[in-house]
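The values are calculated or read from the model by the stated rules, or taken from the named source; none is laboratory data. Owing to the predicted nature of the structure, the values given are computational and were not obtained by experimental measurement. Because the Cβ atoms are built from the backbone with ideal geometry, glycine has one as well, and the counts that use them run over all protein chains shown.
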Amino acid sequence: MDDKEAIKKVIDDFFNNASEQDLLELEAFLSSHEKDIPKSMPRTRQPLGKMDANKAANRFASDIRQRMGLTSEQITRSARDAVRTMILQYDPHIPESQIQTLLNQWVPDKSKTSKIIPEDAMRAMISQFVAYGRGELTDEQVKTFPEGWAKKYWSFFPEKIQLLIRAYIKDEITEPTFLEVLEKVLGK
């Protein structure tokens, strides 16, 4: 589904289910936000790495919840669908496991309490976190991550991995030791 089709579907769904009051609120909402955008400003899409998808999704969810009385589950599903669409627009060839990792970071589904992450995604997260912690990432690389990513990654790591990473970042263990213990912890 391309951008225009996705937008048309959301708009059609809204108008098919909206009350007259909903339409009046939408009109007021659009009018109030139009004033905030300078007329001389080009309307371009922001690169995915520069956007704070979590903040945008939360703002989107809050606005919709207030206006339409939807449940948190419905809002989360809609926000995750919107973010998935943005991810695929940015990189149409991204693997599903990476899409899920990004969705879980940016728009966590609170109804799913499990923190199970596919092994390849966990390895990528560990690698990125360790490179960041050891100062091996450039400023440009760090800017491509969403705001608060390190804290979110850390919360997904099991305690054994947290201890291992902390020891390696503090140079308390060597890289070969880190990798050997990591393989044992991950079950390989």
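Could you list, in sequence order, the residues of the stretch 152-184 that are basic (K, R) and more than 17 Å from I116 (Cα to Cα)? Residues satisfying the conditions are R166, K170, K184. Out of everything in the stretch 64-89 that is of a type in the set (S, T, N, Q) and surrounded by 15 or more Cβ atoms within 10 Å (Cβ to Cβ), what residue ends up being modelled with the highest pLDDT? Looking at the filtered set, the residue picked out is T85. Looking across the stretch 146-159, the residues that are crowded, with 17+ Cβ neighbours inside 10 Å and either more than 15 Å from the chain's Cα centre (by Cα) or part of a loop (DSSP other than H, G, I, E, B) (or both) come down to P146, F157.
A single member of Q162, Q128 is polar (S, T, N, Q), modelled with pLDDT of 90 or more, surrounded by 15 or more Cβ atoms within 10 Å (Cβ to Cβ) and over 13 Å from the mean Cα position of the chain (by Cα), and it is Q128.
Table: residues versus (1) farther than 21 Å from P108 by Cα; (2) not hydroxyl-bearing (S, T, Y).
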site	(1), (2)
E136	yes, yes
T144	no, no
W154	no, yes
E159	no, yes
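Against the definition (under 26 Å from L182 (Cβ atoms), at pLDDT 75 or above and crowded, with 17+ Cβ neighbours inside 10 Å), how does V142 come out, yes or no? In short, no.
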